[in-house]
Every structure is written in structure tokens, then in C-alpha cells.
1. So how far, in whole Å, is the C-alpha centre of the stretch 32-49 from the one of the stretch 132-176?
2. Relative to the longest principal Cα axis of the chain, at what angle does helix 326-336 sit, 0 to 90 degrees, rounded to 10?
3. Counting every Cα pair in the stretch 193-238, what percent are over 14 Å apart?
4. Tell me, what does the Kirkwood hydrodynamic radius of the stretch 189-345 come to in angstroms if you use every pair of distinct C-alpha atoms?
5. If you place +1 on the Cβ of every Lys and Arg and -1 on the Cβ of every Asp and Glu, how big does the dipole about the Cα centre of the stretch 223-325 come out, in debye to the nearest 20?
6. As a footprinting exposure proxy, order MET264, MET89 by other Cβ within 10 Å, with the fewest listed first.
7. In the chain, with Lys and Arg counted as +1 and Asp and Glu as -1 at Cβ, which of these residues, TYR349, GLY322, PRO233, has the Cα nearest the positive end of the dipole, that is, farthest along it?
8. Looking at the chain only, what percent of DSSP beta bridges run antiparallel? Nearest 5 please.
Amino acid sequence: MEGEVKEFDLVVRNACTRGLPETLVDIGVKEGVITSIGENLRGKGEKEIDAGGRLATESFVNTHLHLCKVYTLEMMDEEALKDYHEAGMGKAMNAIEMASKIKEKYAEEWIIKNVRRSMKLAALNGVTHIRAFADVDSKAKLEGVKALLKAKEEFKDVVELQIVAFPQDGVVRESGAKELVEEAIKMGADVVGGIPWIEFTEEDEQTHIDAMFEIANKYDKDISMLVDDAGDPGLRTLEMLAVKTIQENRFGRSLAHHARAMSMYPGPYLQKVIALLKKAEMGVVSDPHTGPLHARVRELLDAGVLVVLGQDDISDAYYPYGRNNLLEVVFLSSHILWMTSREDMEKLYDMVTVDAAKSIGLKNFKLKEGAQANFVVLRENSVREVIRNHDEPLYVISHGKLVDREKYLT
């Protein structure tokens, strides 16, 4: 009815939105859903906040985080880090083998403490969804999965986890890894992982991919695989993953991570891979800040491939920094990728919000009426200034509720 007064659980007043900096709107939330957006919204909320002309956008989505490994750098020396960051990344496999030693100490009791620390940062930084990897192998066993399942329940109203059962040390090389991945899925993991390039032969790489697809098909799960994460232009597991996705008619249900070898691909082969990615409806997660090489982001975007960004690591054997702050990731990527125009900045912002959500299967992830209320109010009024400062949001609304910052500062 025209002129009807609406009541809300939460109203954010006087916010600007992307593309409309001169127009201030109010955002009304009821029962976890954005029910109204408009100027001078009538009706009061149980809680009201004033954005004061600042920018409101969708919240942030971290598509790639090795959550079981956060803050483990202090538990080992830096040899793995040095090898992974060596120019050309020729020793990337050595780095992974050295880093795996930490898993001999894996125990849910200490992993969960590190995970909680990282999850609190996510809440403060407006990251409401994370695709989180947990290693499963003869050393890690299922300890990381147990910790992440506990965190998933503890933080479910603030940060939603998609847990990836990840055979970091291979499937053919690591006896029993396939069975552990399946057991992790039975326990409640959401996504089947993989890292086929870590195997010794192309035949074994294909066996790795086939084994993970077998589990994914059996339990109707999506797939996330780390592919070609080394300075070797001969690596082809990105192509293998795309081809398998097409063959299995699992369009849009596979996500490729890293693909750093792509930086060395000759032009004609790159075009072939791009065509396969588009046919498979397969996105690529790039983490250019965590290694000397990265996927050909600009060319992929220009070709219409879905490309997103992720945190990847937080203070572990592969990367010494990280705050679960996707704006920091965008800031670094803007420099590394030389994406510095206004249009570039807007695209980078999409790559940690709406595009990132699409890549991990989140539906209706938009700042619009009818969508789940996951959004942030930033401290600035433009995307450029937000990226420049890459600061914590002023307010975070997750699953329809205003996040209590004080709760996560301790």
C-alpha cells in the first residue's frame, strides 16, 4: 500500500552505493533479508545506524584460504618460504614437501585456536564467506577438518565456511589420501579438493583428477583444485581439469586455483586453455601476492573468463603476512597486476565480492532487495578511496545482523 510505514530489524541510513555516489539511500533489513532500498525510507528499525554518506557494498568473499595452516610459520624455519618465493618458482614442489613436515604435529586442539584468531579477523574485515582448505593425508589425518568443522559451527552466524577436503601431498603419491578425502566429506566437508600437478607423471595427474571427480559425483559436491602452481610451462593440469569438467557435464562446478604456470604459456596454447575454461564455465582464483608468478589475469578477464582473488595464506610456510582482509589483497593486486584505472578498480572490487560469490556458488549475492543481508559500510565514499586505505569497514552486516566488533577484538 502506498505510503505504508515499514518496520525493520535494522536500517542503515544515508549510504551511497557503487555507481551512484551522489544519491544517498536507506537500506532496510528484516529477518536476514534486504527488504527495502530507497531514499528517505519510511519506517523505523529495531536498530538504526547512520552511514553518513559513506559507501555500502556487498560483503567480502574469500575464495581461497588454507585455514588449517594459519599462523604456523612460527612453528618452522623459513626454508619452504624461500623456495616457494624463488624467482621462477622452480622449487615450488620442494617447498610443499618441506612445509608438510609441520603436519606431523597436527592436532585439533592447537589448530582451532589459530583458526578462531583468523575467523575473528574475517568478522572485523567484513569477510562473511570463506572457501577454506583443510589438508587430509597420512600426517595431517583429519585433524584440520575437525578444527574447521568446529569453527564452522561457532561462527556460522557471522562467517560462513565452505570446507574443502584437500589432499595437499597428492593422491597417487600419498597412499590412503583418497579415502581420507571421502571420510572428510562424510564428516561434513563441503567441497572436494585436489592438487594434481603435485603428482610425478601426467598419468598420475589424471588419476588424481579422476579420483576426486569420483568422490564429487558420489556425494554431489563441487570441486576446488590447485593447478600448475610452479614455474613450469609444461604443466597441463588446468587443461585436464577443464576437460574433465566438460566430459562429466559438471559445468560451473569446478574452480581452479593459482595456475601460475600460465604466466609462461605460449600464446596459442593460452588461447586453447581460455576456450576450455569458458566451455567448462570454470573460474580461476588468482593470489598474485603470494608468489612470484601468477595467472594471466588481464587476458583471462578480457576473454570473459571468471577470475577472482583470494587471501590464500596467513602467516604460514608460503606467505608471512595476511590479515583475512580482502581489501588488502585488492590493494596489492592492483599494483602487481597494474590494474590502476577507475574501471580496473571496480573490477578488482567485484573480484572479492559479487564475482567471488559466483565462483563458489553463492546465490543472489547482491546489495539489492530480496537478497540475503550480507553487506558492509566502508569508511570512505568511493571504491578508489576504499582500496587506497584498505581499512576495516565501519560496519559489517552478516546474515541480517550487525556484527558486534567488540566481541571479535579480543
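Every read-out reported here was derived from the displayed coordinates using simple, explicitly stated rules and does not represent laboratory data. Note that the structure is predicted; figures quoted are calculated from it, not measured. Note: ideal-geometry Cβ built from the backbone for every residue, glycine included; neighbour counts use all protein chains shown.
1. 39 Å
2. The two axes meet at around 60 degrees.
3. Beyond 14 Å sits 46 percent of the P(r) for the stretch 193-238.
4. Numbers: mean 1/r = 0.0623 Å⁻¹.
This gives a value of 16.1 Å.
5. Values: 11 positive and 12 negative charges, 74 e Å.
It comes to approximately 360 debye.
6. Numbers: MET264 19, MET89 22.
By the 10 Å Cβ count, ascending, the order reads MET264, MET89.
7. After comparing all options, I get TYR349.
8. Working: 20 of 56 bridges.
Here the antiparallel bridges make up roughly 35 percent for the chain.
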